[in-house]
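Laboratory data are not the source of any read-out in this text; all were calculated from the coordinates shown. Fair warning: this is a prediction, and the values are worked out from it, not measured in the lab. Positions of Cβ are backbone-derived with ideal geometry, glycine not excepted, and every protein chain shown enters the neighbour counts.
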Amino acid sequence: MARLLLDFTLPLRAFDLELSLAVERTVALVGPSGAGKTSVLRVVAGLAQPSRGRVAFDGEDWTGLPPERRRVGFVFQDYALFPHLSVRANIAYAGAIDDLLERLDITPLADALPGELSGGERQRVALARALARKPDVLLLDEPLAALDAHTKSQVRSELSELLRTLGLPTLLVTHDYEDAASLADEVGVLVDGRLRQLASPAELVAQPADAFVASFTGANLLHGTARASEDLTEVRLEGGERVFSTDSGEGAVGVVVYPWEVSVARAHEDDSALNVLRGEIGSVVEIGNRVRVRIGPVTAEVTASSAARLDLARGGVAYATFKATGTRLVPL
Amino acid sequence: MMRRALVALGAFIALGFLALPIVAIFARVSPAKLVAQLSNPIVTNALVVSLKTTVIAQALILVFGTPAAYALARSFRGRGLLVTLVELPLVLPPAVAGIGLLAAFGRFGLLHTSVAFTQTAVILAVAFVSSPLYVRAAIAAFETVDPNLVAASRTLGAGPVKTFFRIELPLARSGLVAGEALAFARSLGEFGATIMFAGSLPKVTQTLPLAVYSAFDVNFDVALAIGALLVVISAALLIALKWLASSSTSRFPFALSTSS
């Protein structure tokens, strides 16, 4: 598979953005606002010129090429649809429309102007337009930020599906770790222009490189399939375990559990009100006076003293428990 | 009650004051008289000079003013100074503009040209005085184009030229049209700089406003008729401008949407 390689320095107002990164599948850059996330996309697109380094796609050097000569599909945060052109003309601006209207389910909107569309519709038009460019690389700037909560969960699952089908090297930036974890294979935490850590979403929660990453990456995201079960929702996780949530959901979902909602025991306490996951202790990481413990698929956060009392060590077996009310379900 | 009466009185006086000279002109010039004056050579000659010089000046203003405004719409060091320079002719007394043009282009001027008192001088005077109106409006119009749309166009495979003609120009269009209409109106009415730099030679440099001034000594009725003609042309221009501004929601060829 083709790879996008970045290794550059871009001086920004408050700091230098320095990044070295290989994008093969979907990489999400997360970080607080002002961390330089959008600037990374601008460098890849050729809209900003780094002072040092290079951008290359599949062995082809893109450094110094103007934006129109790089094959990137850039979806801007506010979508940047041309307000004076119809949906159809917006897409045709980039290239042949082909089946894009049908694929993104926007055929009825073809003759509308962008000003007449909802946020979710605009996003699909922006995606269609970026794809009409026949891009080698997809760049998404805060793809879900401009959407209201209800639209967001639906768009997130559609987008996740679309990215999987396209199979393009994709670089997306977001300030929301949950969005990053649900859309990307790898998540990089960018703070003040530096990449603090780059890892899979699960690794990031289990073994945060520093306190900032720990606080930023907050939640566990467990993949599974949901179905209604009495007044709760039952989710069968990919590993076969079953957990319950008070949130409603159907089909492929992500179960969001914060590490501080998870408690750790060495023996199985029989309490039907709790979700219990038995697993091997994968890692034990100290962050100040707290300790993050990876147990099977889930990461728990306990105080340093209870970690000592429980005598947690890699390779041992432990039980992670959390309440159904301590979970949230996000569609995937 | 009292307050409403005062407001009504103030409005009545202001509107009356603005309308009175116009009403007075048409009170003295009946439509029949106006049409009759259209065959008077003083009037027709001035009309031809005015239209020719104004149209050529507008072409120059558009051709040179548009790229200038586009360049000044970006931020760079010294931009404020250049914009002030562009705006200066707006606040200069027309007589100063005229003397300045003579000092630059006169026979004994800086450039030693012989354009003074020719039709070219009329065009230069008109362009000097009215182009800032267009350039200022055009700078503002280009500034309102979202830089993200320009960036988007580039990433979608369009070079700078296609981006300018397909995105920036159509989006700045209503501002450009408004600025150009103001410049046109100002050109048509130019008086002070023209009379100093180009003189008032019938058939050569005597425009409609200059003809009003020169006829007013000889035949007040002719002066009034030309005045009426200028009122009609200016009003038509104003109405056309308002119509253009309100119909800018139509989609083609340079459509602008009402929302963004």
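Could you please find all residues in the range A:19-59 being under 21 Å from the mean Cα position of the chain (by Cα) and part of a strand (DSSP E or B)? Outline the logic, then answer.
Of the residues in the range A:19-59, the ones under 21 Å from the mean Cα position of the chain (by Cα) are A:19-45.
Once the filter is applied, which keeps residues that are under 21 Å from the mean Cα position of the chain (by Cα) and part of a strand (DSSP E or B), the range A:19-59 yields A:Leu19, A:Ser20, A:Leu21, A:Ala22, A:Val23, A:Thr26, A:Val27, A:Ala28, A:Leu29, A:Val30.
Give me a count of the residues in the range B:62-114 that are in contact with a Lys or Arg (Cβ under 9 Å, 6 or more places away or on another chain), closer than 25 Å to B:Gly192 by Cα and part of a helix (DSSP H, G or I).
Adding up the residues that qualify gives 4.
Only one of (1) of a type outside the set (Asp, Glu); (2) in a helix (DSSP H, G or I); (3) at the interface with chain B (Cβ under 8 Å from one of its Cβ atoms) is not met by A:Ala89, so which one is it?
It is condition (3) that A:Ala89 fails.
Taking the condition of being more than 18 Å from the chain's Cα centre (by Cα) and in contact (Cβ under 8 Å) with a residue 24 or more places away in the chain, how many residues in the range B:215-247 meet it?
Here is the first cut: in the range B:215-247, the ones more than 18 Å from the chain's Cα centre (by Cα) are B:215-226, B:228, B:246-247.
If we keep only those that are in contact (Cβ under 8 Å) with a residue 24 or more places away in the chain as well, we get B:215, B:221-222, B:224-226, B:228.
Qualifying residue count, the range B:215-247: 7.
Quick one: B:Thr155 ticks every box in (1) touching a residue at least 40 places away in the same chain (Cβ under 8 Å); (2) within 14 Å of chain A (Cβ to nearest Cβ) bar one, so which box is it?
(1)
Please count how many residues of the range A:298-330 are of a type in the set (D, E, K, R) and part of a loop (DSSP other than H, G, I, E, B). Don't jump to the end; show me each part of the working.
Quick first cut of the range A:298-330, residues of a type in the set (D, E, K, R) only: A:301, A:309, A:311, A:314, A:323, A:328.
Still in the running and part of a loop (DSSP other than H, G, I, E, B): A:311, A:314.
Matching residues across the range A:298-330 total 2.
Out of (1) in contact with a Phe, Trp or Tyr (Cβ under 8 Å, 6 or more places away or on another chain); (2) at positive phi, the odd one out for A:Asp98 is which?
(1)
Please go through the range B:158-167 and pick out each residue that is more than 24 Å from A:Ser39 (Cα to Cα), without any contact (Cβ under 8 Å) to a residue 12 or more places away in the chain and within 9 Å of chain A (Cβ to nearest Cβ).
Result: B:Lys162, single match.
Need the failing condition index for A:Ser33 against (1) over 19 Å from A:Leu140 (Cβ atoms); (2) out of contact with any helix residue (DSSP H, G or I) (no Cβ under 9 Å at 6 or more places or on another chain); (3) among the polar types (S, T, N, Q), just the number.
Of everything listed in (1) over 19 Å from A:Leu140 (Cβ atoms); (2) out of contact with any helix residue (DSSP H, G or I) (no Cβ under 9 Å at 6 or more places or on another chain); (3) among the polar types (S, T, N, Q), A:Ser33 misses just condition (1).
Quick one: count up the residues across the range A:92-108 that are among the small types (Gly, Ala, Ser) and facing chain B (nearest Cβ under 8 Å).
Applying the first criterion (among the small types (Gly, Ala, Ser)) to the range A:92-108 yields A:92, A:94-96.
The next check asks that each one be facing chain B (nearest Cβ under 8 Å); those that pass are A:94-95.
Qualifying residue count, the range A:92-108: 2.
For B:Ser130, state whether it is in a helix (DSSP H, G or I), away from every other protein chain (no Cβ under 14 Å) and of a type in the set (Gly, Ala, Ser). Walk me through how you get there before you give the answer.
On the way: in a helix (DSSP H, G or I): yes; away from every other protein chain (no Cβ under 14 Å): yes; of a type in the set (Gly, Ala, Ser): yes.
Yes: the conditions hold for B:Ser130.
Go through the range B:161-230 and tell me which helices (runs of 4 or more DSSP H), entirely inside it, have 2 or more residues that are at negative phi and surrounded by fewer than 19 Cβ atoms within 10 Å (Cβ to Cβ). Full working, then the answer.
Working: elements: B:169-189, B:192-197, B:208-218.
Helices (runs of 4 or more DSSP H) meeting the threshold: B:169-189, B:208-218.
Give the residues of the range B:168-214 that are of a type in the set (Val, Ile, Thr) and without any contact (Cβ under 8 Å) to a residue 40 or more places away in the chain, sorted by residue number. Spell out how you get there, then give the answer.
Step one: filter the range B:168-214 for residues of a type in the set (Val, Ile, Thr), giving B:177, B:194-195, B:204-205, B:207, B:212.
Once the filter is applied, which keeps residues that are of a type in the set (Val, Ile, Thr) and without any contact (Cβ under 8 Å) to a residue 40 or more places away in the chain, the range B:168-214 yields only B:Val212.
Taking the conditions exactly as written (hydroxyl-bearing (Ser, Thr, Tyr), surrounded by 18 or more Cβ atoms within 10 Å (Cβ to Cβ) and within 14 Å of chain A (Cβ to nearest Cβ)), does B:Thr144 satisfy them or not? I'd like the intermediate steps shown before the answer.
Numbers: hydroxyl-bearing (Ser, Thr, Tyr): yes; surrounded by 18 or more Cβ atoms within 10 Å (Cβ to Cβ): no; within 14 Å of chain A (Cβ to nearest Cβ): yes.
Against the criterion (hydroxyl-bearing (Ser, Thr, Tyr), surrounded by 18 or more Cβ atoms within 10 Å (Cβ to Cβ) and within 14 Å of chain A (Cβ to nearest Cβ)), B:Thr144 does not qualify.
Which one of A:Val87, A:Val137 is β-branched (Val, Ile, Thr), in contact (Cβ under 8 Å) with a residue 60 or more places away in the chain and buried (at least 23 other Cβ atoms within 10 Å of the Cβ)? Spell out the reasoning first.
Working: A:Val87 fails: in contact (Cβ under 8 Å) with a residue 60 or more places away in the chain.
Going through A:Val87, A:Val137 in turn, just one is β-branched (Val, Ile, Thr), in contact (Cβ under 8 Å) with a residue 60 or more places away in the chain and buried (at least 23 other Cβ atoms within 10 Å of the Cβ): A:Val137.
Out of the range A:274-332, which residues are acidic (Asp, Glu) and within 18 Å of A:Val235 (Cα to Cα)? Can you show your working first?
Of the range A:274-332, the ones acidic (Asp, Glu) are A:280, A:286, A:301, A:311.
Listed by number, the list is empty, since nothing qualifies.
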